[in-house]
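So the structure is just underneath, and the comments pick up after that.
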Amino acid sequence: MRTLALATSLLVAATLIGEPAADLSEFLKAGCKLVGASEDQKLSCAESTSALLRSCNSLKSVPAELSPLPHSNTLLLCYFESAADAVGSDQATKYEGCGLLQLYSKYIVATERGFVDVPNAMEFAKVFAPVDSPAKALAFAVGLTRSTAKYDVTIPQGYVSSVDRFQPTHVIEVQDGYVVNLFGYDCGGCGPHYYYEIEYFVSRQGYLTERNRTNLYRNPKEDNMCWD
């Protein structure tokens with residue numbers, strides 16, 4: 001068994017909109033426009049010549065952890081609203097909303113053949129598998145879930161902790177795949193609202209399953225809050 005702790009130096013490879021690592025040329029040629037402040041910049045494609053791009057409310061850069069994937073420099077997240085469960089119908093890769101907000105996302109990549117969408121987890125595996133390294137396992141775990149990597153394990157001052165300590169995001173190679181720990185926040189419903197750690201198994205074929213979830217800490221000021 002081998003363990004790889006992915007240090008913050010991995011963030012240098014971030015594919016952020018506006019940085020050289022992100023090649024937006026084909027999206028801009030298709031009529032998309034950069035909008036928003038630099039810290040939250042996105043593409044608006046409402047007037048694009050591509051029907052696929054027009055189907056997105058907005059497009060944003062992918063997390064830095066997806067940089068080991070092929071075509072990562074032209075891979076963007078497409079956000080869209082749906083009245084139905086888009087994930088359940090395989091029309092979306094993941095749910096991005098909170099409570100009653102029906103916001104979903106899928107991936108769009110610019111290739112030499114034009115724009116191609118990667119609408120669900122099965123297609124994601126077809127395009128980007130095999131998972132043959134810890135860095136690629138992390139890319140799959142982040143890419144297929146709404147969980148995020150966390151490298152700072154400091155518990156905010158004033159928060160109530162449920163554990164003595166926890167480990168930052170890391171990848172463990174096991175038989176037939178990898179185990180990745182990521183993090184999330186319970187934003188919906190009534191409190192308490194926990195920040196939690198979640199453990200995923202990523203197979204070498206690119207299929208992902210949740211193995212364990214642990215509450216880490218919470219803001220006691222949110223214990224009596226309810227959010228739709």
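The values are calculated or read from the model by the stated rules, or taken from the named source; none is laboratory data. Bear in mind that the values here come from a model prediction, so they are computed numbers and not experimental data. All Cβ positions, even for glycine, are placed from backbone atoms using ideal geometry, and neighbour counts span all protein chains on display.
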- prompt: Any chance region 61-74 includes a residue that's among the charged types (D, E, K, R), in a helix (DSSP H, G or I) and surrounded by 16 or more Cβ atoms within 10 Å (Cβ to Cβ)?
  reply: yes
task: Considering each of Y159, Y178 in turn, give the residue that is farther than 28 Å from I108 by Cα and either modelled with pLDDT of 95 or more or surrounded by 17 or more Cβ atoms within 10 Å (Cβ to Cβ) (or both).
output: Y159
- prompt: Among the residues of region 28-43, which ones are crowded, with 18+ Cβ neighbours inside 10 Å and within 22 Å of Q102 (Cβ to Cβ)?
  reply: K42, L43
message: Given the criteria among the small types (G, A, S) and either in the same structural domain as A141 (by TED's automatic domain parsing) or in contact (Cβ under 8 Å) with a residue 60 or more places away in the chain (or both), does S82 qualify?
response: no
- prompt: Is it the case that S133 is touching a Phe, Trp or Tyr at 6+ places or on another chain (Cβ under 6 Å) and on the phi < 0 side of the Ramachandran plot?
  reply: no
task: Filter region 1-49 down to the residues that are within 30 Å of V179 (Cβ to Cβ) and part of a strand (DSSP E or B), then identify the one that is modelled with the lowest pLDDT.
output: A5
statement: Within region 102-113, of all residues that are touching a residue at least 24 places away in the same chain (Cβ under 8 Å) and over 13 Å from the mean Cα position of the chain (by Cα), the one nearest to L53 (Cα to Cα) is I108
task: Could you grab me the full set of residues in region 194-227 that are outside any strand (DSSP E or B) and within 24 Å of F140 (Cα to Cα)?
output: R204, Q205, G206, Y207
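Residues are listed down the side, and each one gets a yes or a no for (1) in the same structural domain as C32 (by TED's automatic domain parsing); (2) not small (G, A, S):
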residue	(1), (2)
V109	yes, yes
E112	yes, yes
D117	yes, yes
A121	yes, no
F140	no, yes
G143	no, no
T148	no, yes
statement: Across region 116-150, the tally of residues that are in contact (Cβ under 8 Å) with a residue 12 or more places away in the chain, of a type outside the set (G, A, S), outside any strand (DSSP E or B) and surrounded by 15 or more Cβ atoms within 10 Å (Cβ to Cβ) stands at 15
